[in-house]
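What follows is one structure encoded as structure tokens, with my remarks underneath.
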Amino acid sequence: SQDDGTILCSVPHVPRNFQAPITPLRQRALARDAFTIGYVDRGALTGQPILGAFEPIRAGGRRVGFVGASISLSHLRNVLDRSRALTGARSAIMDSEGRVVVQSAPQESDRDPVGLPSAEQVRDHLGPDPIFVSVENGSAVIVPLFAPDLYAVMSWPPERPNWQRWLALALTLIAPLVIWALAVA
């Protein structure tokens with residue numbers, strides 16, 4: 001797409017001169033002039049809530065537009081739910097404001113469900129390194145997926161050893177998202 005949102009080519013195909021609305025994510029990408037990832041209420045091509053990413057395209061040293069990619073939150077929620085089935089832990093993607101972008105569905109068998117980190121806990125622990133925090137009925141880890149834009153969180157009841165949580169998080173949540181982000185970049 002061009003800086004003004006005019007889409008030059010896409011999958012799915014859109015009519016010639018189709019112009020996507022300027023979202024807060026696109027505005028951040030324009031201002032940052034670097035890879036940017038985040039939540040969009042309504043994707044221009046899907047009409048659904050998405051997690052989108054923009055990477056600047058340059059010609060002759062100046063930005064001429066962006067290559068973008070997105071994943072629907074419903075698809076991402078399915079990935080998180082599969083992770084929960086394997087690990088029994090809750091997982092979510094949160095932004096740098098501490099807002100939940102998408103989270104795994106609660107399990108009906110949870111009598112005392114484990115909480116997710118609060119917005120304040122996420123904002124207080126922004127940075128390049130994972131951090132463990134206490135949450136309601138358990139513990140959680142906050143891991144940057146792409147700091148400062150996006151963080152993965154996983155919470156679990158207290159009886160699981162730390163190494164199992166960390167391994168489960170790395171294998172079931174971060175790897176597919178990092179591969180997707182690298183493919184976009």
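The values are calculated or read from the model by the stated rules, or taken from the named source; none is laboratory data. What you are looking at is a predicted structure, and each value in this text was computed from that prediction instead of being measured. Glycine also receives a Cβ, built like all others from the backbone with ideal geometry; neighbour counts cover every protein chain displayed. Surface areas here come from the heavy atoms of the whole protein model, side chains and all, with no ligands, DNA or RNA. Shrake-Rupley method; radii C 1.70, N 1.55, O 1.52, S 1.80 Å.
For the reader, a short list of remarks on this structure follows.
- Selection count, region 33-73, where residues are over 19 Å from the mean Cα position of the chain (by Cα) and not in a strand (DSSP E or B): 3
- Flag if R111 is outside any loop (DSSP other than H, G, I, E, B), over 15 Å from the mean Cα position of the chain (by Cα) and modelled with pLDDT under 90: no
- Any hit, region 17-24, residues being assigned to a strand (DSSP E or B), open to solvent by 30 Å² or more (accessible area, probe 1.4 Å) and out of contact with any strand residue (DSSP E or B) (no Cβ under 9 Å at 6 or more places or on another chain): no
- Residues satisfying the stated conditions in region 1-40, i.e. touching a helix residue (DSSP H, G or I) at 6+ places or on another chain (Cβ under 9 Å) and of a type outside the set (S, T, N, Q): D3, G5, A20, I22, F35, I37, G38, Y39, V40
- In region 144-158, the residues that are within 23 Å of A29 (Cβ to Cβ) and aliphatic (A, V, I, L, M): L145, A147, L150, A152
- Test result for S96, farther than 26 Å from Q19 by Cβ, at pLDDT below 90, in contact with a Pro (Cβ under 6 Å, 6 or more places away or on another chain) and surrounded by 14 or more Cβ atoms within 10 Å (Cβ to Cβ): yes
- Evaluating G65 against the criteria (1) open to solvent by 40 Å² or more (accessible area, probe 1.4 Å); (2) at pLDDT 90 or above; (3) in contact with a Leu (Cβ under 9 Å, 6 or more places away or on another chain) leaves one unmet condition, (1).
- Filtering region 34-42 for residues that are touching a residue at least 40 places away in the same chain (Cβ under 8 Å) and open to solvent by 20 Å² or more (accessible area, probe 1.4 Å) leaves a non-empty set.
- Unique match (being within 24 Å of P148 (Cα to Cα) and surrounded by fewer than 18 Cβ atoms within 10 Å (Cβ to Cβ)) among Q2, Q27: Q27
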